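The values are calculated or read from the model by the stated rules, or taken from the named source; none is laboratory data. On a predicted model such as this, the values are computed, not experimentally measured, just so you know. Glycine gets a Cβ as well: all are built from the backbone with ideal geometry, and neighbour counts include every protein chain shown. To get the accessible areas, we keep the full protein, side chains included, count just its heavy atoms, and leave off ligands, DNA and RNA. Shrake-Rupley method; radii C 1.70, N 1.55, O 1.52, S 1.80 Å.
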Amino acid sequence: MNRILILFATLFLCATMVCAQEVEKSDFHKRAEAADSKEHVADARSLYIHAFNDYYKRGQMRQGIGCATKAASLYYSKENLYKEAFDLLHKADDAINSSRNVSQADKAAMHYLVTKERLNMYIKLRKGNSAKDQLNIMESQASQSGDENLKNDLLYTKAIYYYTFGMNAQGNAVFKEMANKLTASKDYDKVDEVYQTLIANGRKSNNANMVAQSYSNYIAWKDSTNALKHADEIGALKKQIADNEAIIADKDSSLSTRWMFIIGLCILAAVLAAALIIGAIVLMRFILLDRKQKKTIRLANESNALKAKFISNISAQLEPTFKKLDSKQPEVKALLGFSSHIQTLSELENKDSSEIELEDIPVQQFCEDLMDQIRDKVKSEVNLLVNASNMSAKINREYVSHILLHLLNNAAEYTPAEGSISLDFKKRGPHTYQFLVSDTGCGIPEEKREDIFKPFLEIRDLTTGDGLGLPICKQMALKMNGDLDIDPKFTKGTRFVLDLHA
């Protein structure tokens, strides 16, 4: 019986400790197992020892300790060579203690293997006290290892120890503890296997007491386990039903959501289709209207061009006749000026902006020359100021000179004595410039500011001016990709702002 128990315990622990680590076995290890299976004890033992030494050199201590305990078992189980077995186990303990890069928990687990083999020898020798000492040492080692498998194996080993030395009550208590522990983890098959093995070992050893105790405990455990299994199965079925109901509810909800989504998409598609139809109708109307407007604009431009050309031709035809008249008379002089302004305005309207040529002009000198041209036209003690930096600007000299000189002449006419007229130049960007003509005259009423750049708005006495000067200046500014306007924030007179973009 002792041999059977020892063999079973050894196999149980080896399955727990060694097989858990799937490491390729060495050649010595494979040969030892082959010789052991053929019951060539001496060869198997020698090869296990060689495998132990080889594993030790390679740092694979767990595999090495397994081979050492196997060799020790072959010493005493077959040939009663206990001294050699104890010496080999002592050598295994020394190897564990001297091993590096191994945690204390792993060392405790390997010492447990060695100590258990000593326990098996003492059980075989029927030395109860020595076996008990080894059992206490194993309990400490299992605790230090923190390995739950070792703790389970310790309970089984204790049961074997108690049954072997006739302490059936203690054996039953320990075995029940182990069975309850495995049952709690729902490892029913493992508990059943242990009970069956224990009963089989009792029968083989003719230990009727052990068989009776084990079978009685097994029947009691089986009954309680069946109830637990049924409860687990019922619980699993209930859970499965609940999960299926949840899945069905989720699918119903998902299906409803999908139907709502599909209906929403259909409504959206209908709305989009209606919107597309309406948009197409609006677009067609817009295209037709745009074509009509373009045609109207083109006809208007052609008509304006014809009108401008017609007016220019009339002015050109009248000019020779006007020149035969006495130009010293104010009326004749006014008609000649009016005819010239009409021709200039007509030419500007028909001129392309790309025809405007630009050149670099020294700004300060350019402004001072313009201001000099009105010095004899201003009233007494009118202060003339030029504020321009010494730099060059790319502008059209002809148009800019015409615009600024016209603005300066108007300022000279309307600025009272002791007033001031200024011509400023400012660079607003890399290719953006401003000329500002300011005076302290009476100013232009706000209600007339929008109309001063529009020609032919009223019938007027030409001897007092034809009102085309500012419209011509405005057209010149526009042809230079710029603009001419009044500064609404200037309240001490009038300020004209000429914006230019080079």
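Figure legend. Inter-residue proximity from the stretch 357-378: first residues under 23 Å from T432 (Cβ atoms) and among the β-branched types (V, I, T), second residues part of a loop (DSSP other than H, G, I, E, B) and open to solvent by 70 Å² or more (accessible area, probe 1.4 Å), beta-carbon distance below 9 Å, spacing 6+ or different chains. Indicated pairs: V363/N390. For Q364, the conditions (1) part of a helix (DSSP H, G or I); (2) of a type outside the set (F, W, Y); (3) within 60 Å of the chain's Cα centre (by Cα); (4) loosely packed, with under 15 Cβ neighbours inside 10 Å all hold with the exception of (4).
In the stretch 168-183, the residues that are over 13 Å from S216 (Cα atoms) reach residues that are among the basic types (K, R) with C-beta atoms within less than 7 angstrom, at least six apart or across chains, in these pairs: V174/K158; L182/K190.
Go through the stretch 377-391 and count every residue that is open to solvent by less than 70 Å² (accessible area, probe 1.4 Å) and under 20 Å from H501 (Cα atoms). Count: 3. Contact map, the stretch 392-412: residues that are part of a helix (DSSP H, G or I) paired with residues that are at pLDDT 90 or above and among the hydroxyl-bearing types (S, T, Y), Cβ distance under 8 Å, separation 6+ or inter-chain. Pairs shown: A411/S438; A411/T494. If you check L478 against the conditions, is it within 23 Å of K351 (Cβ to Cβ) and either among the aromatic types (F, W, Y) or assigned to a strand (DSSP E or B) (or both)? Against the criterion (within 23 Å of K351 (Cβ to Cβ) and either among the aromatic types (F, W, Y) or assigned to a strand (DSSP E or B) (or both)), L478 does not qualify.
The requirement of being polar (S, T, N, Q), assigned to a loop (DSSP other than H, G, I, E, B) and surrounded by 13 or more Cβ atoms within 10 Å (Cβ to Cβ) is fulfilled somewhere in the stretch 368-376, by at least one residue.
Quick grid of which residues meet (1) open to solvent by 40 Å² or more (accessible area, probe 1.4 Å); (2) out of contact with any helix residue (DSSP H, G or I) (no Cβ under 8 Å at 6 or more places or on another chain); (3) of a type in the set (A, V, I, L, M, F, W, C); (4) without any contact (Cβ under 8 Å) to a residue 24 or more places away in the chain:
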site: Q104; (1), (2), (3), (4): yes, no, no, no
site: L113; (1), (2), (3), (4): no, no, yes, no
site: I123; (1), (2), (3), (4): no, no, yes, no
site: A131; (1), (2), (3), (4): no, no, yes, no
site: N136; (1), (2), (3), (4): yes, yes, no, yes
site: S145; (1), (2), (3), (4): no, no, no, no
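Do we find that A92 is free of Cβ contacts under 8 Å to residues at least 60 places away in the same chain, within 21 Å of S140 (Cα to Cα) and either among the basic types (K, R) or open to solvent by less than 30 Å² (accessible area, probe 1.4 Å) (or both) in this structure? Yes.
Only one of these conditions is not met by A417: (1) assigned to a loop (DSSP other than H, G, I, E, B); (2) open to solvent by 40 Å² or more (accessible area, probe 1.4 Å); (3) modelled with pLDDT under 90; (4) on the phi < 0 side of the Ramachandran plot. Which number is it? It fails just one condition, (3).
Within the stretch 488-502, the residues that satisfy the criterion of being in a loop (DSSP other than H, G, I, E, B) and surrounded by fewer than 19 Cβ atoms within 10 Å (Cβ to Cβ) are P488, K489, F490, T491, K492, A502. Scanning the stretch 45-68 for residues that are hydroxyl-bearing (S, T, Y), out of contact with any Lys or Arg (no Cβ under 8 Å at 6 or more places or on another chain) and under 19 Å from A34 (Cα atoms) yields S46, Y55. Return yes when E347 is within 24 Å of I403 (Cα to Cα), open to solvent by 100 Å² or more (accessible area, probe 1.4 Å) and at pLDDT below 80 and no when it is not. Yes, satisfied. None of E79, E117 is more than 57 Å from the chain's Cα centre (by Cα) and in contact (Cβ under 8 Å) with a residue 60 or more places away in the chain except E117.
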